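No lab work stands behind these numbers, since they all come straight from the coordinates. All of these numbers come straight from a predicted model, not from anything done at the bench. Here the Cβ is made from the backbone with ideal geometry for all residues, glycine too, and neighbour counts use every protein chain on show.
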Protein chains: 2
Amino acid sequence: MIIAIDAMGGDHAPKEIVKGAVEALKYIESDIMLIGDENKINNELESMKVDLSRIIIEHTTEVIENEDKPVVAIKRKRDSSMVRGLDLLKKREIHGFVSAGNTGALLAGGLLRTGRIRGIDRPAIASVFPMGDKMGILTDAGANAEVKPRNLVEFATMGAYYGELVLGIENPKVGLVNVGSEKGKGTTLVQETYDLLEQSDLNFIGNIEGRDIPFGTADIVVTDGFTGNIILKLTEGVAKSFSNNLKAVFKKNILSMMAGLMVKKGFDDFKKKMDYTEYGGAPLLGVNGAVVKAHGSSNAKATMNAVLYTEKYINSGVIEKIQNYVENRSEEIE
Amino acid sequence: MIIAIDAMGGDHAPKEIVKGAVEALKYIESDIMLIGDENKINNELESMKVDLSRIIIEHTTEVIENEDKPVVAIKRKRDSSMVRGLDLLKKREIHGFVSAGNTGALLAGGLLRTGRIRGIDRPAIASVFPMGDKMGILTDAGANAEVKPRNLVEFATMGAYYGELVLGIENPKVGLVNVGSEKGKGTTLVQETYDLLEQSDLNFIGNIEGRDIPFGTADIVVTDGFTGNIILKLTEGVAKSFSNNLKAVFKKNILSMMAGLMVKKGFDDFKKKMDYTEYGGAPLLGVNGAVVKAHGSSNAKATMNAVLYTEKYINSGVIEKIQNYVENRSEEIE
């Protein structure tokens, strides 16, 4: 098997991306393909003095930048590392594709170049991050600002498969993001979705409120891409603001600095728990192939973890399960 | 002037509510009216041995509970403390009304009993909480799950008046919650709202993302009530989860407990900054009268602060400014 990595995507490309991908070889059975400017990639590889036997280099001349308009970029930059990866995945010349590049472009390209799983209306971003003392999934984390109930049910189903088969969460609890816990709360969209989820085979635990999300009340947190994006970034913002305030408390004087040293180990453990680089990127569920979005600011460790989880994802059978689900769905929902 | 307080609403009613309202008398010029079961209110007052010269007791026999359905409760419980307060406000027998009771009922009652400001389509909850090193307003924080662009513009305008005239924020910066900072991002709703806000007289700074909210990038954070509710509760949840983890770090062993004592003062200051009880409740902007929702778990201090801010709100001229705005609005927006 071959896992391809977009060597040109992300804030720290190509250096950290190449480094992380090579590092991953120690833990995976697949070979890796590095897609991008071959000179730049070779420079990185030479400086690392690595064994090249399990590394393929695929040369491309263009790069999709973060500022590029997603659909335009995918249509025009045909010789970009991202488009090449998605095309090779469609042809099954590779088995998975990881990119830390432009999220919108990866989504658009997933749809336009690789294609959807037949029967899935809209792919979703499934963002994996710590909720309580374990990992959870937020889906859709930003792919679809406007959705229908059937989309949310598909997000929930795909997220539950990924949670169970890739992250190892047993019988994952599915929660619907809403403004109150009782049935009947919220917009027409969530009310209709509630009914559909109740009738589904999922382990649906009902509505969950904003304050429940960080405590891991649900394993699979289901919402539209607008709300999901706000949830993801607000969580990041509150945590960051909190930790800035914390640092200020410890920097106040000699005594507080000493106190800081005394609890350093505890804080390091806590930071590790909250560290996104540990959690291996976000799969684009519903795309017909293992496409994984790594965080834009991915360093080598984050890239490595994304590659590791991509191999798990390929081997998990999640895509086949989604295909099965779509084919055996009892009725056409609209 | 008379500020009335719903003595029966909130988790700690009537004790903490009565205590806080009485405490507020030290700082306000208005008299207070305590609405509720007169026996219970008198018991509390007696145990406090207070001067009764500036206190009016208004007896009611019913209580709207948190579990009650808002509209049903407002229609059926005609002799409840909440309905009485809203009715007296409509008749201008009182000048402001504070309740820590059922939020949905207070909103429904604000509309059905007190009434809207003529020309304002939908009242909104303006939640005041710390953003960065200052106070900011989130509006709508949960009143309207589904809205039109004109509603969001009205929320922004009313929030800006309140921010300026009650909280003292000079030329408040208005930000529209969205999934990206560039114009053209997000749902049709936010795109259309963006255009209207750009044409308005507000100090509109454009879209703000979830991660910007806690840093106070905007003073007035504008969004629909669904997203606003999630933002409010998620902020609460992440902060709570973070602080639980923090406590665990300090409780680990003797050394870490010592460290905890060494930074206690710094943490206390930080906690005070984040303490909702300091911020005086959330006005229901668009209702034709000063109706303020205090947090359901309000203690005496939170109640006192809510009463203090209610007097500021009454004296601020915010309601007159909203009336003026509506009358002079250049064109009918739909």
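The table below lists the values:
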{"quantity": "Low-density loop positions, GluC sites (Glu not before Pro), segment A:52-105 - DSSP coil, at most 15 other Cβ in 10 Å", "calculated": "A:E65, A:E67, A:E93"}
{"quantity": "Inverse mean reciprocal Cα-Cα distance (Kirkwood Rh) of segment A:124-278, Å", "calculated": "16.7"}
{"quantity": "Diffusion coefficient, µm² s⁻¹, Stokes-Einstein with Kirkwood Rh over alpha-carbon pairs of segment B:216-334 at 20 °C and 1.002 mPa s", "calculated": "120"}
{"quantity": "Neighbour-count order for B:V83, B:V249, B:V326, fewest beta carbons within 10 angstrom listed first", "calculated": "B:V326, B:V249, B:V83"}
{"quantity": "Proximal lysines relative to A:K75, as straight alpha-carbon distance under 21 Å, when same-chain residues fewer than 8 apart are discounted", "calculated": "A:K90, A:K91, A:K293, B:K185"}
{"quantity": "Shortest-first distances to equivalent copies, position B:T187, nm, label 7 Å out along Cβ", "calculated": "0.3"}
{"quantity": "Integer Hz, Karplus 6.51/-1.76/1.60 couplings in order for segment A:245-258, x for Gly and Pro", "calculated": "4, 4, 4, 4, 4, 6, 8, 4, 7, 4, 4, 5, 5, 4"}
{"quantity": "Of every Cα-Cα pair in the protein assembly as shown, the percent that sits beyond 40 Å", "calculated": "37"}
{"quantity": "Alpha-carbon centroid distance for the pair segment B:281-295 / segment A:199-246, whole angstrom", "calculated": "28"}
{"quantity": "Per-copy distances of the B:K75 label point, shortest first, in nm (7 angstrom along Cα→Cβ)", "calculated": "5.2"}
{"quantity": "Shortest-first nm distances, B:K252 label point to equivalent points in other copies (7 Å, Cα→Cβ)", "calculated": "2.1"}
{"quantity": "Calculated from backbone phi, Karplus (6.51, -1.76, 1.60) coupling profile of segment B:7-24 in Hz, x at Gly/Pro", "calculated": "6, 9, x, x, 5, 10, 7, x, 3, 5, 5, 4, 4, x, 5, 5, 4, 4"}
{"quantity": "Ranked B:D121, A:D219, A:D133, B:D79, criterion: other C-beta atoms within 10 Å, fewest first", "calculated": "A:D133, B:D79, B:D121, A:D219"}
{"quantity": "Cα Rg, Dmax (largest Cα-Cα span) when computed across chain A, Å", "calculated": "20.5, 68"}
{"quantity": "Surrounding net charge for B:F204, when Lys and Arg each add one and Asp and Glu each subtract one, Cβ distance under 13 Å", "calculated": "-2"}
{"quantity": "For B:E58, residues with placed amide H under 5 Å, excluding near neighbours", "calculated": "B:L34, B:I35, B:G36"}
